[in-house]
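Bear in mind these aren't lab numbers, they're just calculated from the coordinates by the rules spelled out. Please read these numbers as outputs of a predicted model, since none were measured by experiment. Note that each Cβ is placed from the backbone with ideal geometry, even for glycine, and that neighbours are counted across all protein chains shown.
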Amino acid sequence: MHDKTLTQIANALGSGELSSRELTEHYLQRIQQSGAILNSFISVTADQALEQADAADQARAKGTAGLLTGMPLALKDIFCTQGIKTSCGSRMLDNFNAPYDATVVEKLKTAGTVTLGKTNMDEFAMGSSNESSYYGPVKNPWDLTAVPGGSSGGSAAAVAAGLTPAALGTDTGGSIRQPAAFCGITGLKPTYGRVSRYGIIAYASSLDQAGPMARSAEDCAHLLNAMAGHDGRDSTSVARGVPDYTETLNSPLSGLKIGLPKEYFGEGLDPEVEKAVREAVSVFESLGATVRDVSLPHTHYAIPAYYVIAPAEASSNLSRFDGVRFGHRCDNPSDLIDLYKRSRAEGFGDEVQRRILIGTHTLSEGFFDAYYTKAQKVRRLIRQDFLDAFEDVDVLMGPASPTPAFDLGAKKDPVSMYLQDIYTIAVNLAGIPGISVPAGFVDRRPVGLQILGTHFAEAQLLNVAHQFQQTTDWHLQRPDFAEESA
Amino acid sequence: MALEDSHVRRAAHLARIAVSDDQASGFVEDLSRILDMVDQLQGVDTDGVAPLAHPLDATQRLRADEVTETNQRDTFQRCAPAVENGLYLVPRVVE
């Protein structure tokens, strides 16, 4: 059952071959059996899931079911869920039960999906390895000594291991695409503003975006159909129609113009990853696409700009955790300042504190222009690089990450961890969409091909990725872990 | 721009995070490495470039100034560490 894609499961539910209860029980059992090894879930919501499954089966019997009715899903623990713990991977929110659902959660509930649980993540989505979680690291199902990537590492590992047909993630600098690449699944970061951020615990509000993580581009298209759209409760949500992303999946790729940014194939790229990515690009040539080299000249400055802008926004967003209205509170505060300071020192882990301090420092008097204003100017140049490239080509392709998944504990220095996101981070600064699709292996660790499009080109990215997946079977390969624990 | 111990202590105070002496020296080291990396930005020519705050250049949407929310104080206070009679409890601020 768990070797099926979401699309195949939807068909089996639709034909009555499977009930949502059978399906939900199967996945819950798999989570129970192997969840502890991978540590991919923070909360498992079995009782609620079975209730939702029964309601879905009744809706189907009454003829009111849609495509996703009864579909089990896992949510990154950054999405607020009413009455269910939403920890954001932090001690700060270990006791937090959100009083409301995120818009995306509400939309998926309306579509009839079943929530299996909340997945592990880097604390407040700050990390590229899932090692900064208060709940401990997640293991990569392809190799239990490797990281699953981050920050949506629990979601990626759970999908890859067949513990859920699909999951939701969020991506501020690569946090959907890089773990998707490391775990051999398909992950889409939509255009900034395409999916509502309401009820998603904010990290960097001008960069954060939620998206689907699944076995195939077709699966992601079905999920994005349910997730995307304008929301009055998110002031940066875009009022623009949502197409049916499945309608154009089969458009032919003849004449597609692909650009390869030369900066994405330079120093620091693992030669075996490069080989896999170039072979993937040649598959597109065989499908009628043309390929040319392009340049994104400010690529090198994306990580420095991000590590001003994201921590600046984080220092402001995370000021809400004050030990007064919700979240962790220290014992016996002597006065109000002591309450704030110790609650926050105890509630936040090292990486979160580092980013809050960087953001506070760079925004402070005497440093603001040199750091923040400068970074915002560079951000415009980075976006312009992409807009210029999309004058000449339809999509850009390159690796999602310079290496396959690295070993747990391998990146001790924060800066060496940050440099992992070299190919994903500029995409968030520019606000464009990107997708990572499985494109091979290096020593049994998956390689992700990243495909980028211009603003609101999600349908095109899904079409391009789907056509690749009609020709290749990298996305259908499973780790032994998924088979052994079957 | 070299980062000094006093910068870290000032940021920690502004951010309301308690930092011990040991932690402060660790933060000076880590944050210095991060800011060294960030300092590469100074090499970019940004003359005449306007700062970009929103990737789609959107401006803040406005709505009519009308009350649309209902009072949900009890619901929202259920996740608070300490409340009494609808009020959040904190240590005495005014003597």
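Scanning region A:320-332 for residues that are buried (at least 16 other Cβ atoms within 10 Å of the Cβ) and either out of contact with any Gly (no Cβ under 9 Å at 6 or more places or on another chain) or at the interface with another protein chain (Cβ under 7 Å from one of its Cβ atoms) (or both) gives A:322, A:323, A:324, A:326, A:329.
All conditions but one from (1) more than 7 Å from chain B (Cβ to nearest Cβ); (2) over 30 Å from residue B:46 (Cα atoms) apply to residue A:335; the one that does not is (1). Would you call residue A:426 small (Gly, Ala, Ser) and either part of a helix (DSSP H, G or I) or within 30 Å of residue B:26 (Cα to Cα) (or both)? Yes: the conditions hold for residue A:426.
Here's the yes/no breakdown for (1) touching a Pro at 6+ places or on another chain (Cβ under 8 Å); (2) in a strand (DSSP E or B); (3) hydrophobic (A, V, I, L, M, F, W, C):
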{"residue": "A:101", "(1), (2), (3)": "no, no, no"}
{"residue": "A:116", "(1), (2), (3)": "yes, yes, yes"}
{"residue": "A:128", "(1), (2), (3)": "no, no, no"}
{"residue": "A:138", "(1), (2), (3)": "yes, no, yes"}
{"residue": "A:148", "(1), (2), (3)": "yes, no, no"}
{"residue": "A:151", "(1), (2), (3)": "yes, no, no"}
{"residue": "A:154", "(1), (2), (3)": "yes, no, no"}
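The residue pairs whose first member lies in region B:82-95 and is facing another protein chain (nearest Cβ under 7 Å), whose second member is loosely packed, with under 11 Cβ neighbours inside 10 Å, and whose beta carbons are closer than 9 Å, counting only pairs six or more residues apart or on different chains, are B:91/A:334. Here's a check for you: in region B:56-81, which residue that is within 26 Å of the chain's Cα centre (by Cα) and more than 9 Å from every other protein chain (Cβ to nearest Cβ) is nearest to residue A:332 (Cα to Cα)? Step by step, filter region B:56-81, then rank; the result is B:73.
So which residues in region A:352-369 are more than 7 Å from every other protein chain (Cβ to nearest Cβ) and within 21 Å of residue B:39 (Cβ to Cβ)?
Going through region A:352-369, the residues more than 7 Å from every other protein chain (Cβ to nearest Cβ) turn out to be A:352, A:355, A:359, A:362-363, A:365-369.
Listed by number, the residues that qualify are A:355, A:359, A:362, A:363, A:365, A:366, A:367, A:368, A:369.
Of everything in region A:224-259, what is away from every other protein chain (no Cβ under 14 Å), under 26 Å from residue A:389 (Cα atoms) and surrounded by fewer than 19 Cβ atoms within 10 Å (Cβ to Cβ)? Give them in sequence order. Of everything in region A:224-259, those that are away from every other protein chain (no Cβ under 14 Å), under 26 Å from residue A:389 (Cα atoms) and surrounded by fewer than 19 Cβ atoms within 10 Å (Cβ to Cβ) turn out to be A:241, A:242, A:243, A:248, A:250, A:251, A:252, A:254, A:255, A:257. Listed conditions (1) surrounded by 17 or more Cβ atoms within 10 Å (Cβ to Cβ); (2) among the hydrophobic types (A, V, I, L, M, F, W, C); (3) more than 16 Å from residue A:119 (Cα to Cα) are all met by residue A:61, apart from (1). In region A:390-418, the residues that are within 14 Å of chain B (Cβ to nearest Cβ) and buried (at least 18 other Cβ atoms within 10 Å of the Cβ) reach residues that are not in a loop (DSSP other than H, G, I, E, B) and not β-branched (Val, Ile, Thr) with C-beta atoms within less than 6 angstrom, at least six apart or across chains, in these pairs: A:411/A:417; A:414/B:30. The single residue among A:50, A:67, A:6 that is crowded, with 23+ Cβ neighbours inside 10 Å and at negative phi turns out to be A:6.
Each row is one residue, and each column tells you yes or no for (1) under 25 Å from residue A:246 (Cα atoms); (2) touching a residue at least 12 places away in the same chain (Cβ under 8 Å); (3) assigned to a helix (DSSP H, G or I).
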site	(1), (2), (3)
A:13	yes, yes, yes
A:17	yes, no, no
A:23	yes, yes, yes
A:31	no, yes, yes
A:36	no, no, yes
A:51	no, no, yes
A:68	yes, yes, no
A:75	yes, yes, no
